[in-house]
Amino acid sequence: MRRLGVLVIGGVLATAASASGQVVERIHVAAAGGQLTKAIPAAVSLSIGSPPSYSRAALNGDSGRWIGPRYAASTNGSVGGQTSIAWSVDFAQGKNAVASAQSILKHGWPVDLKGGVSVPHVVGKRTVGTILGSYVLTHPTSAAAAGYEAGVAFAVAPGVFAVLHLDIATPASENAGTAGTFLVNGVPLSLWNRGQALWVITALELHGALPPTRVSARVAPDGRVVRGIVADAFRHPVVRARVVLQRQTGAAWHPVASTKTNVHGAYVLRGIATRGRYRTVATLGSAAVRSAPLLAGPIAGAKAKA
């Protein structure tokens with residue numbers, strides 16, 4: 001029921017607002033998170049989409065402001081101003097997404113809505129999985145209050161969270177005095193602001209392959225082929241990771257073949273000509289992970305298979 005409320009409110013208000021703008025902000029995780037995210041490949045980015053009728057007013061690295069349609073008094077259209085949303089992104093260590101989302105709030109307003117959010121993890125044009133996060137939306141107690149503040153958090157690595165802060169603080173009230181009530185395209189300002197905050201929360205995406213944390217390896221019955229899967233900390237496939245087959249000689253390991261994973265994180269290494277002890281090593285950026293050693297190579301009497 002909570003998620004249905006998000007979609008219905010966001011859908012109604014998005015319909016009321018013609019799509020005259022929209023901005024997609026890209027925050028590169030490795031650069032923005034400093035030491036906490038330095039192991040994440042440089043191409044990985046957080047995608048933050050503005051509501052459809054908003055455009056960029058300011059951008060300062062990992063923070064900015066969008067402006068949207070004009071709000072105007074119900075009985076005097078000359079009284080009003082520009083709707084806006086201030087946003088910022090931080091990266092922090094934490095125990096869970098719930099605590100991380102709450103930690104970024106500043107106004108101390110009561111909770112209006114909270115729950116889970118599924119953040120799509122996109123590599124190329126394909127969604128390889130979702131990351132479960134948490135959001136909290138707060139709102140002042142006064143009847144005419146128009147402001148909303150939100151915190152959204154989801155993990156980008158074990159114990160490391162991306163945290164988005166949204167602030168819609170002005171005007172503080174939808175009360176226009178003798179001019180009536182502030183409206184946006186016929187919608188009360190408070191309801192409008194709530195819908196735009198929820199829109200942004202549900203539009204979050206993570207783009208790019210994350211570091212590999214596990215690689216499986218199994219040998220074909222004839223011993224000549226090794227195949228497996230490379231996955232990240234969320235068990236999503238790691239696309240285009242380099243996989244090297246190594247053979248043990250004494251105490252040392254030597255590369256004998258290599259390949260790259262496909263869109264499903266899978267790899268195949270063929271033509272193993274010498275019986276011996278092998279392992280696979282998967283790398284992406286500065287991150288590397290090794291499989292358990294296995295016995296591979298031609299088996300006497302076995303027919304080669306693909």
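Computed from the coordinates by the stated procedures, all read-outs in this text should not be read as laboratory data. The shown structure was predicted, so the numbers you read here are calculated from the model rather than taken from an experiment. With ideal geometry, Cβ positions are generated from the backbone for all residues, glycine too; neighbour counts draw on all protein chains shown.
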Semi-axes in Å, largest first, for segment 35-132 (Cα gyration tensor, √(5λ)) are 31, 19, 15
Gained length - residue 35 relative to residue 58, 0.36 nm times residue gap less alpha-carbon distance
5.6 nm
Derived scalar couplings ³J(HN,Hα) [segment 134-140; Karplus, 6.51 cos²θ - 1.76 cosθ + 1.60; whole Hz; x for Gly, Pro]
9, 9, 9, 10, 10, 7, x
Of the residues 289, 202, 143, the Cα lying farthest along the dipole of the chain towards its positive end, which is defined by charges on the beta carbon of Lys, Arg, Asp and Glu, belongs to 289
So the angle from the long Cα axis of helix 2-16 to the longest Cα principal axis of the chain, reported in degrees to the nearest 10, equals 60 degrees
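Let me know the charge dipole size of segment 159-306 about its Cα centre in debye, to the nearest 20, where only the beta-carbon of Lys, Arg (+1) and Asp, Glu (-1) is charged.
1520 debye
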With no solvent and one point per C-alpha, what does the Debye sum give as log10 I(q)/I(0) for segment 214-296 at q = 0.12, 0.15, 0.25 Å⁻¹?
-0.30, -0.47, -1.21
Residues whose built amide H sits under 5 Å from the amide H of residue 260, excluding neighbours closer than 5 in sequence, are 243
Dividing the alpha-carbon Rg of the chain by 2.2 N^0.38 Å yields what?
1.31
Nothing charged except the Cβ atoms of Lys and Arg (+1) and of Asp and Glu (-1): what's the magnitude of the dipole of the chain about its Cα centre? Round to the nearest 20 debye.
2100 debye
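Please find the FRET efficiency linking residue 24 to residue 274, where r is the Cβ-Cβ separation and R0 is fixed at 35 Å, and quote it to the nearest 0.05. It would help to have the intermediate numbers written out before the result.
Values: r = 51 Å, r/R0 = 1.46.
Plugging the Cβ-Cβ distance into 1/(1 + (r/R0)^6) gives 0.10.
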Under 24 Å between alpha carbons - lysine pairs in the chain that sit 8 or more apart or on different chains:
7
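Sum up the charges of everything whose Cβ sits under 10 Å from the Cβ of residue 149, counting Lys and Arg as +1 and Asp and Glu as -1, but leave residue 149 out.
Values: positive: 106; negative: 112, 167.
Counting the neighbours of residue 149, the net charge comes to -1.
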Output ordering of 30-37, 103-110 (per-residue mean of other Cβ within 10 Å, highest first) is 30-37, 103-110
Could you tell me the center-to-center distance, by alpha carbons, between segment 219-257 and segment 80-113 in angstrom?
42 Å
